[in-house]
């Protein structure tokens, strides 16, 4: 047997006594090769352990069998769960996932200048990444279908999957109002990097808008707001600041469950009873929310990844498939959120 690392398309053609063009068409599933010849070529490719190069396939105009996934980071539950949902769908059809993480402005700059996914993937999924107009143009310049998960819904004719973050905040604050709270503070998320303030995060702003909108409608103006980094430590520091004030609030809406978990940690260490002295509510339904008895607004995170992958597969399925599903694929898909009441909220005393 020819060693695996030296096998090329010429070897397969020689084994079968056919042209290289016939081998190429057979391996890519294109017409122009008889069933018997195709079977012989596929059998020879298996025997020789020949694998099509994704780069060569792309250069020849064929599919690479790979999809790029661009995320700010993977060391956070939300992003890793989205990626897991995408992988669930791709694994069933043999699509490879190419992961690109952009954790800071320098990494973002390098990615959008170099476009390392160009000619290497058949489509791209962008997960909750705030994009400037230039960065959106660069995504278009990849020349492949693009699907967006979370973040700004204003993506033109492209596919978008996510939740209504403003509604999620309203659901959380509405719960606190219904059980009698009026002195409600918010610990909101600010930029993770001080150099990243020029590109707003749609999720942050939508939850801020939902909080203030719900408070205004209840006739409660100028609520207390603390801005922190989106993290457990940030939530802990935010609650420390609220407790340092002359009159701490009776309830706190946290932008995310990570922030809420940090807030609960500070309250526990300070000996403040939850929910009898201060109620706390978050958004997301992080796996630790149940363990910490945190009231929250749940969003279907893994499903967002799965639906994004399905949208990609639909677009890559050929013109007929896309046409039949055009309405579903091109429209924005907003998944429902739901209030999950646990032990961290109660009427004020």
*asked:* For 111, 211, which order do you get if you count the other beta carbons within 10 Å of each Cβ and list the fewest first?
replied: 111, 211
*asked:* Tell me the angle of helix 301-315 to the major Cα principal axis of the chain, expressed in degrees between 0 and 90 and rounded to the nearest ten.
replied: 30
*Most fluctuating residue of 267, 129, 42 in a GNM of the chain with Cα springs under 10 Å: which is it?*
42
*Name the residue, out of 254, 100, 16, whose mean-square fluctuation peaks in a Gaussian network model built on the chain with Cα pairs under 10 Å.*
16
*Value of [θ]222 nm, deg cm²/dmol, for the chain, DSSP H segments ≥ 4, -39500 (n - 2.57) each, nearest 500*: -13500 deg cm²/dmol
*When the chain is fully extended, how far beyond the present Cα-Cα distance does residue 93 get from residue 276, taking 0.36 nm per residue of separation?*
60.7 nm
*Taking neighbour counts of Cβ atoms within 10 Å as a proxy for exposure, in what order, fewest first, do 186, 215 appear?*
215, 186
*For percent of Cα pairs over 38 Å apart, the listed values are [x] 25; [y] 32; [z] 19; which was obtained by calculation from the structure presented?*
[y]
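What's the exposure ranking of 133, 231, going from fewest to most Cβ atoms within 10 Å?
Ordered by Cβ neighbours within 10 Å, fewest first: 133, 231.
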_Cα long-axis angle, helix 257-270 against the chain (0 to 90 degrees, to the nearest 10)_ = 40
*Roughly how tilted is helix 165-178, in degrees to the nearest 10 and between 0 and 90, from the longest Cα axis of the chain?*
30
*Calculate, for residue 100 and residue 182, the FRET efficiency according to 1/(1 + (r/R0)^6) with r their C-beta to C-beta distance and R0 41 Å; round to the nearest 0.05.*
0.35
*With springs only between Cα atoms under 10 Å apart, run a GNM on the chain and tell me which of 290, 233, 75 wobbles the most.*
75
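Coordinate-derived values only; no laboratory data. Quantities reported herein were computed from a predicted structural model and do not represent experimental measurements. Virtual Cβ from ideal backbone geometry, glycine too; neighbours counted across all protein chains shown.
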